[in-house]
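Since the structure comes first, as structure tokens, the remarks are kept for the end.
The values are calculated or read from the model by the stated rules, or taken from the named source; none is laboratory data. None of these values were measured; they are calculated from a predicted model. Positions of Cβ are generated from backbone atoms using ideal geometry, with glycine treated the same way; all protein chains shown enter the neighbour counts. Calculation scope for accessible area: heavy atoms of the full protein, side chains included, ligands and nucleic acids excluded. Shrake-Rupley method; radii C 1.70, N 1.55, O 1.52, S 1.80 Å.
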Amino acid sequence: ERKFMARGTNREEIEAMVMLHPSFFRRLHVPRVVNNVYFDDFEFSFFKENVEGDSQRNKVRIRWYGELTDVPAEATLELKSRFNQAGSKDHFSVKDFDLKRLGDQKKVDSWLEECTSLPKLIRKSGTLRPTLINSYRRSYFLSADGKYRVTVDDELRFLRPFDTLSGFIVYPWEDRTNVIELKYAMEDDD
């Protein structure tokens, strides 16, 4: 994955550039809203690994699609791992996810329990807590040869996990930046 920040450019301009690229990108499906709850320990280890650019780092999140408050009956817990330029992702089903239960540490631990057998996460077992919620609109594109995927994100919104406990969601920060990601296999890096 390679990420790019596009400030001062609107979504339509970015999507037009993608569609006009010589790789003949096509839209995979209609844009959709992506929601995430990120988890970290009390030392913010995952966050620090990312900011410091550690060659080996992890992320733990619960993801669902649709409006933020429309939490589906089943969300997905994802463990993202990165080693140098290569990344991988493990997925686990979370059947009873509820934003209003983010303050219940026993419930959070039960959601995370499914992936604690993974060596990458076992050292964090029992210490992870929700630290950030974000939401954004994402468009998906695929090159004609199927080797490259581009996503374009806009309408980025961020909030603290415990702002959701009352059921009334207030976004303390919105960002007008567009985020572009290019995803491909390592052998296609050239």
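Listing for the model above:
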quantity: Residue in the stretch 55-79 that is modelled with the highest pLDDT, counting only those that are exposed (fewer than 13 other Cβ atoms within 10 Å of the Cβ) and farther than 20 Å from R157 by Cα; calculated: Q56
quantity: Sole exception among (1) on the phi > 0 side of the Ramachandran plot; (2) in contact with a strand residue (DSSP E or B) (Cβ under 7 Å, 6 or more places away or on another chain); (3) modelled with pLDDT under 90 for W173, by number; calculated: (1)
quantity: Residue within the stretch 142-163 that is at pLDDT below 80 and buried (at least 17 other Cβ atoms within 10 Å of the Cβ) present; calculated: no
quantity: Residue match in the stretch 1-21 (condition: more than 17 Å from V152 (Cβ to Cβ) and more than 15 Å from the chain's Cα centre (by Cα)); calculated: no
quantity: Residues of the stretch 41-92 classified as more than 16 Å from R2 (Cα to Cα) and in a loop (DSSP other than H, G, I, E, B), total; calculated: 14
quantity: Selection status of V34, within 18 Å of the chain's Cα centre (by Cα) and assigned to a strand (DSSP E or B); calculated: yes
quantity: Any chance R82 is more than 24 Å from R137 (Cβ to Cβ) and open to solvent by less than 70 Å² (accessible area, probe 1.4 Å); calculated: yes
quantity: Test: residue in the stretch 85-101 that is of a type in the set (K, R), surrounded by fewer than 16 Cβ atoms within 10 Å (Cβ to Cβ) and closer than 30 Å to D189 by Cβ; calculated: yes
quantity: Count of the stretch 23-47 residues which are free of Cβ contacts under 8 Å to residues at least 24 places away in the same chain and open to solvent by 100 Å² or more (accessible area, probe 1.4 Å); calculated: 2
